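Student: Got a structure here, written out as structure tokens. Questions coming.
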Amino acid sequence: MVFTSYEFLGFLALLMLLYYLAPRKLRPPLLLLGSLVFYFFAGAQFLIYISVTAVTVWACGLIIGKSLDAQSEYIKAHKAELSQEAKKAFREAEKKKRKAWLVAALILNLGILAAVKYTNFAISNIEY
């Protein structure tokens, strides 16, 4: 399915209609399903890449979110014991961990993009 085809426009119109008719809670899974259907029609071999990307982004987002929750719970639980400097140091350490997860997710997903996009190009240039 090409972006400039009537098939795509019909698919997009149907997806938008379903999106606005769906309850708010079901909208994100509907968009994910729509993306998977689009990638299936673009080429079933690409489903693995979009699936890995979606799962890694979701997992890293959960880890980062849980880190924020754990940080605030820890600080609340130890409010009386911790000095301002200790709180600041703890926040900075947690921020570094979250940043590391973000960078790891970016490297993985940009690596997948580069591999999918440029593998054939690199192989064709190596053969000559």
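The values are calculated or read from the model by the stated rules, or taken from the named source; none is laboratory data. Quick caveat: nothing in here was measured; it's all calculated off a predicted structure. Positions of Cβ are backbone-derived with ideal geometry, glycine not excepted, and every protein chain shown enters the neighbour counts. To get the accessible areas, we keep the full protein, side chains included, count just its heavy atoms, and leave off ligands, DNA and RNA. Shrake-Rupley method; radii C 1.70, N 1.55, O 1.52, S 1.80 Å.
Student: Roughly how many percent of the accessible protein surface of the chain is carbon and sulfur, given a 1.4 Å probe and a whole-percent answer?
Tutor: 70 percent
Student: Now, a different point. Could you calculate the contour length gain from L12 to A114, that is, 0.36 nm times the residue separation minus the distance between their Cα atoms, to one decimal place in nm?
Tutor: 34.0 nm
Student: A further question follows. Note down the relative contact order for the stretch 13-128 as a percent, whole number, built from C-alpha pairs under 8 angstrom at least six residues apart.
Tutor: 23 percent
Student: Charges at C-beta only: +1 for Lys and Arg, -1 for Asp and Glu. How large is the resulting dipole of the chain about its Cα centre, in Debye rounded to 20?
Tutor: 600 debye
Student: Give me the log10 of I(q) over I(0) for the chain at q = 0.13, 0.15 Å⁻¹, as the Debye formula computes it from C-alpha points; what are the numbers?
Tutor: -0.79, -0.90
Student: Ordering T56, T119 from largest to smallest accessible area (1.4 angstrom probe), what's the sequence?
Tutor: Sorted by accessible area, descending: T119, T56.
Student: At 0.36 nm per residue, minus the direct Cα-Cα distance, what do F41 and A77 gain on full extension? Give it in nm, one decimal, please.
Tutor: 7.8 nm
Student: Give me the number: length gained by fully extending M1 to Y19, i.e. 0.36 nm times residue separation minus the C-alpha to C-alpha distance, one decimal in nm.
Tutor: 4.5 nm is the gain from fully extending M1 to Y19.
Student: Please determine, in degrees from 0 to 90 and to the nearest 10, the orientation of helix 47-77 with respect to the longest principal axis defined by the Cα atoms of the chain, where the helix direction is its Cα long axis.
Tutor: Helix 47-77 and the main axis of the chain meet at about 10 degrees.
Student: Restricting attention to the stretch 1-40, which chymotrypsin sites (Phe, Trp or Tyr not before Pro) occupy a DSSP loop and are surrounded by at most 11 other Cβ atoms within 10 Å?
Tutor: F3
Student: Straight-line reach only, C-alpha to C-alpha below 20 angstrom: list the lysines that K97 could link to, leaving out same-chain residues fewer than 8 apart.
Tutor: Reachable lysines: K66, K76, K87, K88.
Student: Moving to a separate point now. Take the alpha carbon gyration tensor of the stretch 16-65, find the square roots of its eigenvalues, order them as a ≥ b ≥ c, and report rounded if a/c is under 1.5; if not, report prolate when a/b exceeds b/c, else oblate.
Tutor: Oblate is the answer for the stretch 16-65, as a/c is 1.5 or above yet b/c matches or exceeds a/b.
Student: Any idea what angle helix 27-42 forms with the longest principal axis of the chain, computed on alpha-carbon atoms, 0 to 90 degrees, nearest 10?
Tutor: 40 degrees
Student: Keeping all protein chains in the complex and leaving out DNA, RNA and ligands, what accessible area do you get for V57 with a 1.4 Å probe, in Å² to the nearest 10?
Tutor: Counting only protein heavy atoms, V57 exposes about 80 Å² to solvent.
Student: Also, I was wondering about something else. Work out the charge dipole of the chain with +1 on the Cβ of Lys and Arg and -1 on the Cβ of Asp and Glu about the Cα centre, then indicate which of A86, L108, P23 is farthest towards its positive end.
Tutor: It is A86.
Student: Can I ask one more? For the chain, what does the accessible surface come to per residue with a 1.4 Å probe? Please give it in Å².
Tutor: 79 Å²
Student: First select every other residue whose beta carbon is under 15 angstrom from the beta carbon of L82; then total the charges, Lys and Arg +1, Asp and Glu -1.
Tutor: Charge balance near L82 sits at 0.
Student: Which value, in Å² rounded to 10, gives the accessible area of S35 with a 1.4 Å probe and all protein chains present?
Tutor: Its accessible surface works out to 50 Å², give or take rounding.
Student: Relative to the longest principal axis of the C-alpha atoms of the chain, give the angle of the C-alpha long axis of helix 84-127, reported between 0 and 90° and rounded to the nearest 10°.
Tutor: 20 degrees
Student: Here's something else I'd like to know. Please report the spacing between the Cα centers of the stretch 73-128 and the stretch 27-55 in Å, no decimals.
Tutor: The stretch 73-128 and the stretch 27-55 have Cα centres separated by 24 Å.
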